[in-house]
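Worksheet: the structure to be examined is printed underneath.
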Amino acid sequence: MTLLDTFSYRGKRAVVVGGASGMGAAAALLVQQACGATVVMDYADVTLADATAMHVDLADRTSIDAAVDQCGGPVDALFMCAGAAEGTPGIERINFVGHRHLIERMLAKDLLPRGSAICFISSAAGLGWEKNFTKISELLDIVDFDEAARLMRDTGTATYLGTKQAVCAYVAREALRFLQHGIRINAICPGPTDTPLAQANRDTWLEGGSDYRAKAGIRPSTPAEQAYPMLFLCSDAAVSITGITLLSDAGWLTAGITGSFPGATAITSILLNRSPVYQQGD
């Protein structure tokens, strides 16, 4: 195998969940450009040429099961890119519980072969999950779709923050279990990225960190610029990498931690040192 072969998707089949727009659509297109076959699952209409389009509602377990059955295997690369903004009804199912159910059902049906890989899109909202890991583990221990969603609602974690912390913790905690099946699982933590969802939440999603970007002389990422590390993480070139959430935020977090950009220090300290988000039942 040559160096370029390790980055190629030739002979591979990728499933992109949430691939109708934004970073998911960019990932699906890049897979095609890397010579892979693409299946795109989304609630919205899929327009990517030469992709197999499938409808899925991540808030509905029956819809997920039907999509997985229709998809079949093998699935060499699974990109979990769907997401909903704060305040969306069913956000706990769309952003975490539904994603997890889809992955676990694929695993149970032997659709993910040895050598396959999974990549989530997380968020800066997921940073600091380690401080809440004991409580998040209680959620991860619940495998039932409806019960897990109900716990998130009951504990006040059916939020954007709560779902993204759950994603990061799931990737970290379950990496060994997946690796025993020959499967790697990772996530990226993007900086502000100019997607349709970000445009709809511009004041918080795209304006955040604008002072840092002005200092660095950069703009928000394009969807493709975030899709590049996702494709890397699911490629053979990343064979030794699993269980991580890769920061792809143009250095904003580390600039805040180290004080090289003091304007970010207070915010990054809050993100990394938040008290547990699970309050009820403590």
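Mind listing the long-range amide H neighbours of residue 247? Cut-off is under 5 Å, sequence gap 5 or more, other chains count too, H placed in the peptide plane at 1.01 Å from N.
When sequence neighbours closer than 5 places are left aside, the close amide H contacts are 189.
Suppose accessible area is computed on protein heavy atoms with a 1.4 Å probe; arrange 69, 57 from highest to lowest.
Output order, biggest surface exposure first: 69, 57.
From the square roots a ≥ b ≥ c of the eigenvalues of the alpha-carbon gyration tensor of region 1-143, which class results: rounded (a/c under 1.5), prolate (a/b over b/c), or oblate?
Prolate shape, in that a/c is at least 1.5 and a/b is the bigger ratio.
What distance in nm separates the simple spin-label points at residue 269 and residue 65, each placed 7 Å from Cα in the Cβ direction?
5.0
Contour minus end-to-end for residue 146 and residue 180, with contour as 0.36 nm per residue of separation and end-to-end as the Cα-Cα distance?
So the chain would gain 9.5 nm between residue 146 and residue 180.
Under 28 Å Cα-Cα from residue 135, which lysines qualify once same-chain neighbours fewer than 8 residues away are excluded?
164
State, to one decimal in nm, how far the label point of residue 47 lies from the label point of residue 219, with both points 7 Å from Cα in the Cβ direction.
That separation, rounded to one decimal, is 2.0 nm.
Under unit Cβ charges (Lys, Arg +1; Asp, Glu -1), what dipole magnitude, rounded to 20 debye, does the chain have relative to its Cα centre?
For the chain, the charge dipole is close to 560 debye.
How many nm separate the modelled label positions at residue 237 and residue 137, each set 7 Å beyond the Cα in the direction of the Cβ?
3.6
Any chance you could tell me what percent of the C-alpha pair distances in the chain go past 36 Å?
Of all Cα-Cα pairs in the chain, 11 percent lie more than 36 Å apart.
The values are calculated or read from the model by the stated rules, or taken from the named source; none is laboratory data. Bear in mind that the values here come from a model prediction, so they are computed numbers and not experimental data. Using ideal geometry, Cβ is built from the backbone for each residue, glycine included, and neighbour counts are taken over all protein chains shown. These area figures cover heavy atoms from the full protein model, side chains too; ligands, DNA and RNA do not enter into them. Shrake-Rupley method; radii C 1.70, N 1.55, O 1.52, S 1.80 Å.
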